[in-house]
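To keep things clear, I will list the structure first and then write my remarks on it.
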Amino acid sequence: MALDTPTKLRNETIYSIFVRNYSPEGNFEGVRRDLDRIRDLGTDIIWLMPIQPSGKMHRKGSLGSPYAIQDYRKINPEYGTMDDFIRLTEDIHAHGMKCIIDVVYNHTSPDSWLAQNHPEWFYHKKDGSLGNRVGDWWDVVDLDYTQAALWDYQIDTLKMWAKYVDGFRCDVAPLVPVAFWKRARKEVAQVRPGAIWLAESVDPGFIRMSRSHGMECASDAELYQAFDICYDYDIYETFFGVLTGENTLQDYADAVNRQEVMYPGNYVKLRCLENHDRVRAAWLIRDEKALRAWTAFCAFQKGIFMIYAGEEKAVRHKPTLFDRDTVDWDAAENRDLTDLIRRLTEIRRDPVFADSSYQVSVKGDHTILAVHTANAHDPSEKTGSRIVGIFNTKGEPSVFSVRDEIPDGVYENLIDGSRVEVEDMGRLAVDGAPVIFRVD
């Protein structure tokens, strides 16, 4: 694990934005004018998906994937100028938030500046042409990190952007050598001390596939040497399986609990119900009560919470990456989760979330009981207060026993101020709405 990773990241919230599809303007100004609203959600960090120009060769769609970058050191002219970008970052900072940008270092577009000027830095197929190692990514060509000069160029590029931004979300980070990321982290710190490093780690199936084809592909445990935050794709398939009926809720609870013991003590996982690569949560979870329960549980989890722009309105349509497809903020089927998310981000600021022992269990068929217990800092001390979360994943009323976890008493639901009563030797009744309360 990166030794200087601050666990206070577990108190924070990321808001992810695809500039092209965020607003009718589809540019930096469309984001900048909405910063008050974004901040008021409880956002600490804005993550801007790739801001560089997309290549034209082998484009997917009419505008190309933002992850097929033509020039790492330039701004996509659709979005504005470098001055417009700097103005946006300065305004983000003025609003008390940080800004991270995407780093796409496994590959470039086939017509990238690097491909034209340094073809020796790329992976070559047997016929000598540039190629990629993941077949369906036919709009990109892979870089070759056995080339030492490539490392220098890429790190210098990071240091250039670090003058303006507070860190980086690194696309398919496992396919780039961990040694590169460790060096990059060290050198970027000279320009931006305390920069945030978020790895798009990958699921177990992708790791097995990559390694079986002779590709270097790092596990989360390896990536944590250089990164502060990893995706929770290590257990995403189990979560998705719960929603589709292929896994039980207990399967998912077991997977979450394994994370607590298999990673370093200061590990930070990215907790999100959706992102630009996955279907919208509101498309998958159609019942509003169930969606609210899963949203609350996601925010309650140990790690940093992320919202993909539009999620706060329960937008169902997943915007394409390859064309203009503006988020429909006013669709008839939308449901406003703003107040819930705002309250959850407030609750997450409690110090217990940053320094806790975390345990998840299942009550009945559909209810998650999750507990953060404040860590002691000396073996002679007792562990501290607890924050308990109860989430019925169907949004249904239920009654169950918490005798082994919570003493009888009356508690306050931190979400809405309502009473939570544990009585009759540990029985608890809930109406289906998410419940979070403190046990001192």
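The table for this structure:
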{"read-out": "Residue satisfying all of: in region 226-244; closer than 14 Å to E274 by Cα and open to solvent by 30 Å² or more (accessible area, probe 1.4 Å); farthest from the chain's Cα centre (by Cα) among these", "value": "L243"}
{"read-out": "Output for region 331-375, where each listed residue is part of a helix (DSSP H, G or I) and in contact with a strand residue (DSSP E or B) (Cβ under 8 Å, 6 or more places away or on another chain)", "value": "I341, L344, T345, I347, P351, V352, F353"}
{"read-out": "Residue within region 50-62 that is farther than 27 Å from V141 by Cα, open to solvent by 10 Å² or more (accessible area, probe 1.4 Å) and not in a loop (DSSP other than H, G, I, E, B) present", "value": "no"}
{"read-out": "Verdict on F206 being more than 30 Å from M82 (Cα to Cα), outside any loop (DSSP other than H, G, I, E, B) and of a type in the set (F, W, Y)", "value": "yes"}
{"read-out": "Failed item, numbered, when G135 is tested on (1) closer than 24 Å to I17 by Cα; (2) open to solvent by 60 Å² or more (accessible area, probe 1.4 Å)", "value": "(1)"}
{"read-out": "Residue satisfying all of: in region 117-132; touching a residue at least 24 places away in the same chain (Cβ under 8 Å) and farther than 19 Å from K60 by Cβ; most open to solvent (accessible area, probe 1.4 Å) among these", "value": "E120"}
{"read-out": "From the options W151, W161, W181, residue that is closer than 24 Å to P66 by Cα, open to solvent by 20 Å² or more (accessible area, probe 1.4 Å) and not polar (S, T, N, Q)", "value": "W151"}
{"read-out": "Filter result for the condition that a residue is without any contact (Cβ under 8 Å) to a residue 40 or more places away in the chain, open to solvent by less than 10 Å² (accessible area, probe 1.4 Å) and either over 17 Å from L337 (Cβ atoms) or in contact with a His (Cβ under 9 Å, 6 or more places away or on another chain) (or both), over R211, R271, R280", "value": "R280"}
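For (1) touching a residue at least 40 places away in the same chain (Cβ under 8 Å); (2) more than 19 Å from the chain's Cα centre (by Cα), each residue gets a yes or a no:
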position: E246; (1), (2): no, yes
position: K302; (1), (2): yes, no
position: R316; (1), (2): no, no
position: R324; (1), (2): yes, yes
position: D339; (1), (2): no, yes
position: R349; (1), (2): yes, no
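The values are calculated or read from the model by the stated rules, or taken from the named source; none is laboratory data. Quick caveat, the model's predicted, so the values are computed rather than measured. Neighbour counts are summed over all protein chains in view; Cβ atoms, including those assigned to glycine, are modelled from backbone coordinates with ideal geometry. Just so you know, the surface numbers come from the protein's heavy atoms only, side chains and all, with ligands and any DNA or RNA stripped out. Shrake-Rupley method; radii C 1.70, N 1.55, O 1.52, S 1.80 Å.
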